[in-house]
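Here is the structure we will look at.
What follows is calculated from the coordinates using simple rules that are stated; it is not laboratory data. The structure displayed is predicted, hence computed values, not measured ones.
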Amino acid sequence: MFATLTTARMTLRAPRPDDATALTDAIGNYDVVRWLGRVPYPYGVADARAFIDRAQPGKTWLMWENDVLIGGISVGDELGFWLARGAWGRGLATEACDAVIDTYFADPAAGPLEAGHYDGNDRSARVLIKQGFRYVGTKQVTAKALHQPLLSRVMELRRDEWHARRTYRLTTPRLTIRELGLGDVPSLIRIAGQPRVAQMMFNITVPWPESAAQRWVLAARYRGRLGFRAAICRQGVLIGVIGIGQVPGRSTVTCMYFIDPAHWGQGYAKEALVHFLNDTMARFHVETIWADHFDDNPASGAVLRHAGFTPQRASTGTSVVRDGPCATTIYCLNRSDLRAV
C-alpha cells in the first residue's frame, strides 16, 4: 500500500535490483556513512545488492528527485534516514520524514516511534526535533563504518504528539482556519486558477494543473512548525488560503493570503490575517514578519495596514502569469504593532 510515496519534490519508492549502482554512488561517501550505524565503508555494489534484497516494501524507501537517487529512509523498530552529500541543506530529509512518519502512524496499532543520532550529528538532530521527537535516553551502537561503538542519543515520537502536529484549527467570528489537505485541491484550482487571483501570486498558473496544485499543498502542509498554508473557510466552504513561512536559508518570516473573488469586499481577508498572525506569531515566537503586494492590488495593502503592517520600500516582483517584473511594495510588522483580536 505504501511502497511508493509522493512529496512536493520527491518520489519515495521501494528499492529495486537495478538501483544498486545509483545507491552505491549516492551513499558511498564517508561524510554520509560515518553517521550511519549499519552501513560499511567503503560501500560497494555488493553491499547495495544485499541491502536491496532484504529491504521491505512499505518500510524502506529510496528518495528520488528528478530521477536522481538522493537518499534513503526506513521505518520499523526505529526511523532512520540519510541524504547524499550533494542534497544536504535543502530540507529534503524533513520532507521525507514528514511522509514516512505519516505512513507509520496510519497504522492505528503503531506505538511510539523511536529514532536516534550520534553525538555531533547536529543535522539529524534538527530534523528529528522538527518532527517533534523528544530525547528519552542513550544507548551504545556499533558504527560499522568506523569499526567502533558510539553513544547514540535515543529519541521518541508519540502518536498524540504526531497528531497535534498534523492538525491546525483557529476560529474567528465568521471563519474557520484549518490545515490544508489534498481534498482541498479542486477548490484551490477553482479559486487560485482564476486570472484575478493568480496574477497576484508568484507561481500559480492559469489554468492551474491538478498535479501542480497537489505539489503546492504538499509543500506547505501543517507540521507543527513555521512553513505552512491553511484553508480559510466560511460555513465549512473553502474561500481562501493564508500562510506563514521562512525564506529559505534566512531567518526572515513572511506571510501570504488570497480570497475567492466571490467573497471580496466583505472583510474576510482582514479578519483572517489578524487572527492568524495573533496565533502564529505567539505560537512560533515570531517578533517580525514581512509581506508584499503588487502595486496594482491596493486592496491587499489595505488588508496589511489594517493588521498593523507599515510600508518599508518599493520593489519589484514577478508572477508566472505576468509579463516581466512589476512594481511591488514591501511591508513589515513588529509583533508589538499587531492589531489585537
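Given the -39500 (n - 2.57) contribution per DSSP H run of 4+ residues, what per-residue ellipticity at 222 nm results for the chain, rounded to the nearest 500 deg cm²/dmol?
On the way: 11 runs with 99 residues, N = 341.
Mean residue ellipticity, 222 nm, calculated: -8000 deg cm²/dmol.
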Under 30 Å from K139, Cα to Cα: lysines that are on another chain or at least 8 residues apart: K59, K130
Segment A327-R190, extension gain: residue separation times 0.36 nm, minus the distance between their alpha carbons: 46.7 nm
Whole-Å distance, taken between Cα centres, linking the stretch 198-254 and the stretch 97-119: 25 Å
